[in-house]
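Each remark here refers to the structure printed beneath this line.
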Amino acid sequence: MVVLSQPVALDNHISVIPTYKPVLTSQPIPVVDLTDPEAKTLIVKACEEFGFLKVVNHGVQRGLMARLEKETIGFFALPQSLKSQAGPPEPYGYGSKRIGPNGDVGWIEYILLNANPQLSSPKTSTIFCQTPQNFREAVVEYMHELKEVSCKVLEMVAEGLGIEPRDTLSKMVRDEKSDSCLRLNHYPTAEEKEENMVKVGFGEHTDPQIISVLRSNDTAGLQICMKDGSWVAVPPDHSSFFINVGDALQVMTNGRFKSVKHRVLADTRRSRVSMIYFGGPPLSEKIAPLSCLVPKQEDWLYKEFTWSQYKSSAYKSKLGDYRLGVFEKQ
Ligand code: GA4
């Protein structure tokens, strides 16, 4: 367990951080051992039922996970003036409280980095080059490993769904032009103001990409939304990864997998750090239901779009919006 002791660096003048009275149900989160011969079937089942699962025996060294966590804590402990030089996020860079360009806020500071140096703007590259060397090295190594985890899971999904070839999904993330990114979040502790009210760290949303792979320290906060609309708290586990189905995978499976709505509520005693790898396709990739799953176009629930079109539309939306609506067929 890591307790961050640095003073809270978030500016306090945004007084509109939403608070929430959590109403939770309990439900076990599916756990899949990636070395289990049945893993592909279990992953598909979890993606259909929850759009979410935890994976163990994923092959990433604990040492690397711990190193990135330590470097991330070190980064957020830098003086505010230094961190602010790496912002504002457009969308890459350092951000505090403001999430996205359309007025969403949360009890959070973060840095968002593009995993593909070719897609980084000169500003983002400069920002990254100015971060501490140990931090940079841990980030680069972690992104490499997480791309492998994402691709491994996507290949199991393809096998489990009978999609051929088995790299149909993973090759989009492995592509040298893949638009994948890494988000490092720091949720400072939040004092309880009113009884049972907690601050929202990151409001409810779905992830736009194909797959997200999340790891956090041992502080709680992540919650996922069930099909019936109830919320379930995900117990933290710093040695495992949590997989989210993203909007693009929902489309490619024609809605068989649902991108999971999730949120993070701030803990009142401990700060939380999380690192999420978002596996995305190249900007020019056409996203549509896979014809091997849904051969007849009249059965497609979504229109075809490019990842670039989806991203532009996503960046015009608010965090909690249902972004796939405009791409649904009538
Ligand atoms: C949610 C998932 C990822 O964190 C993210 C977020 C992005 C951002 O913070 O820049 C978005 C959000 C996320 C969805 C809608 C748009 C874009 C903020 C926002 C309001 C990096 C992503 O890809 O989409």
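Read-outs: derived from the displayed coordinates by stated rules, not from any lab. On a predicted model such as this, the values are computed, not experimentally measured, just so you know. Virtual Cβ from ideal backbone geometry, glycine too; neighbours counted across all protein chains shown.
Couplings 3J(HN,Hα) of region 223-230, computed from phi: 9, 10, 9, 7, 4, 7, x, 7 Hz, in residue order, whole Hz [Karplus 6.51 cos²θ - 1.76 cosθ + 1.60, θ = phi - 60°; x for Gly and Pro].
Apply the a/c threshold of 1.5 to the C-alpha gyration tensor of region 77-117 and tell me whether it is rounded, prolate or oblate. Judged from the Cα gyration tensor, region 77-117 comes out oblate (a/c at least 1.5, b/c at or above a/b). Computed from label points 7 Å out along Cα-Cβ, the spacing between LYS45 and GLN27 is 1.6 nm. Quick note on region 64-175: its Rg to Rh ratio, both from C-alpha atoms and Rh being the Kirkwood radius, is 1.05. Summed over qualifying helices (DSSP H, 4 residues or more, each -39500 (n - 2.57)) and divided by its residue number, the chain shows a 222 nm mean residue ellipticity of -8000 deg cm²/dmol. Under a model in which nothing but the beta-carbon of Lys, Arg (+1) and Asp, Glu (-1) is charged, the chain shows a dipole of about 500 debye around its Cα centre.
When the chain is treated as a GNM with alpha-carbon contacts under 10 Å, the residue of GLN250, GLN209, GLN80 showing the greatest mean-square fluctuation is GLN80. Given R0 = 45 Å, the distance between the Cβ atoms of LEU301 and ALA66 translates into a calculated FRET efficiency of 0.60. Working note: Karplus 6.51/-1.76/1.60 with θ = phi - 60° gives region 271-288 the couplings 7, 10, 10, 9, 10, 10, 9, 9, x, x, x, x, 4, 8, 5, 8, 10, 6 Hz, where Gly and Pro are set to x.
Could you tell me whether region 123-224 comes out rounded, prolate or oblate from its Cα gyration tensor? Rule is a ≥ b ≥ c as square roots of the eigenvalues, rounded for a/c under 1.5, then prolate if a/b exceeds b/c, otherwise oblate. Verdict is oblate for region 123-224.
Which FRET efficiency value, to the nearest 0.05, do you get for ALA77 and LEU293 by plugging their Cβ-Cβ distance into 1/(1 + (r/R0)^6) with R0 = 51 Å?
According to the calculation, E is roughly 0.60.
Dimensions of the chain based on its C-alpha atoms, expressed as ranges along the principal axes with the largest first, amount to 56, 45, 40 Å.
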